[in-house]
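Worksheet for the structure shown next.
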Amino acid sequence: MKKTFIYEKKCSICRGKDYERLFEKKDLFVEICRDCGLIRLNPHWDKRTYNAFYKVDYDFSRVSINSESKDSEFRKERIIEFFMSLKKAKIKEFSPKTILDIGAGDGIDLECLRSFLLKKDSDFYTIEPSEACIKELKERGFKVIAKDGESNWNKKYKNFFDFISIRNVLEHMLDPLSVLKKISNSLKEDGLVFMSVPNMSNPDLSLTTFFEIPHTHYFSKNSIKNAMIKSGLEPILILDKNKVFPKTIYILARKKRKGFKKNHNFSKKEYFEKRKFILNQISKESNNFFPIFVVFYKLKNKFLVLIKKLKISKFKKRFFIEGLKKF
Ligand SMILES: [Zn+2]
């Protein structure tokens, strides 16, 4: 695959033009916006290169395609995350008729959601670039309306969806703001969106491995909040210090309502904080103690996974006993 790079002149969220390079390794160029603190790859592959990559090559990282049996439990856990968020946000009713999953993969998550829904006649729509996944989605009876979340799929679906799910997808997009605008545009007035992104403030293992070609953007609680508000969405719940899933930010949101007064707030503080965090972390990782640091991190991760499993199993028991009606 021939890779072509492109350099973005403006910040994807605040549209500022003042950027600082923080880190580079092979084809990775990590920059921070001096106006709002957003972190992204710049330059990065162009649209054509990414599209070709997601069509086939990215399948290697899809757990489900590689190990079906192990995956179903993991996927159930991800659906449970969503219901946990609903509970936290005190949303009692959830019975969507029109459902869209952006970056639906092979559809196992939707399959799980379908099994938990009270309303069994819901219509499921998906957006997915992988050829192998599209085949599976169609076999499961899900409509595939587009291959690319950044295409103009929303034109046919204005105020159409009761529920949109976009989990661990926005960080792959070249223009996340335009994707969020499409979501806001296609949600019904009382529709709900559930989103998750990796947490820039709590990266996995080490920063040097956390930054990777498929992820063009790295969000913190502040930057994702700003992006949503700027796109016409109103966050209901943002969980960035979730003890069960600490490396991910979970967001529940709806279309901005008339009474919603909050504006996006781009600040230098975010830039200074994130810059300091990244430079400190990278200098730690490059010194001689790094192998010890990795061992420590791995042990810490194992411990966190154990806690996560305990918490999930506790929640799962309650979840299955009480059923969805409690939500
Ligand atoms: Zn910016």
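Using Cβ contacts closer than 10 Å as the measure, can you line up Leu41, Leu170 from fewest to most?
Lowest count first: Leu41, Leu170.
Could you give me the ³J(HN,Hα) list for the stretch 32-39, computed from phi with Karplus coefficients 6.51, -1.76, 1.60 and θ = phi - 60°, whole Hz, x at Gly and Pro?
Along the stretch 32-39, the couplings run 10, 7, 6, 8, 10, x, 5, 10 Hz.
Of Met173, Met1, Met195, how do they rank once you tally other Cβ atoms within 10 Å and put the fewest first?
Lowest count first: Met1, Met173, Met195.
Calculate one ³J(HN,Hα) per residue across the stretch 140-156 by plugging θ = phi - 60° into the Karplus curve 6.51 cos²θ - 1.76 cosθ + 1.60, and present them in order as whole Hz with x for glycine and proline.
The phi angles translate into 7, x, 9, 6, 9, 9, 6, 9, 10, x, 9, 7, 8, 4, 6, 4, 7 Hz.
Would you please put 181-190, 259-268 in order of how densely packed they are, using the mean number of other Cβ atoms within 10 angstrom per residue and starting with the highest?
On the way: 181-190: 18.7, 259-268: 11.8.
Descending packing order for the listed peptides: 181-190, 259-268.
For a footprinting-style exposure proxy, rank Asp121, Asp109 by other Cβ within 10 Å, fewest first.
If I rank by nearby Cβ atoms, fewest first, I get Asp121, Asp109.
Would you please put 125-132, 251-258, 21-28 in order of how densely packed they are, using the mean number of other Cβ atoms within 10 angstrom per residue and starting with the highest?
In decreasing order of mean packing, 125-132, 251-258, 21-28 become 125-132, 251-258, 21-28.
Check Gly191: other-chain or 5+ apart residues with amide H under 5 Å from its amide H, H built from backbone geometry?
Those qualifying (amide H under 5 Å, at least 5 residues apart or on another chain) are Lys255.
Given H placed on each backbone N at 1.01 Å, which residues far from Thr248 in sequence or on other chains put an amide H within less than 5 Å of it?
Asn199
FYI, it's all coordinate maths here, none of it is from the lab. These numbers come from a predicted model, not from an experiment. Methodologically, a virtual Cβ is constructed for each residue, glycine included, from the backbone with ideal geometry; neighbour enumeration extends over all protein chains shown.
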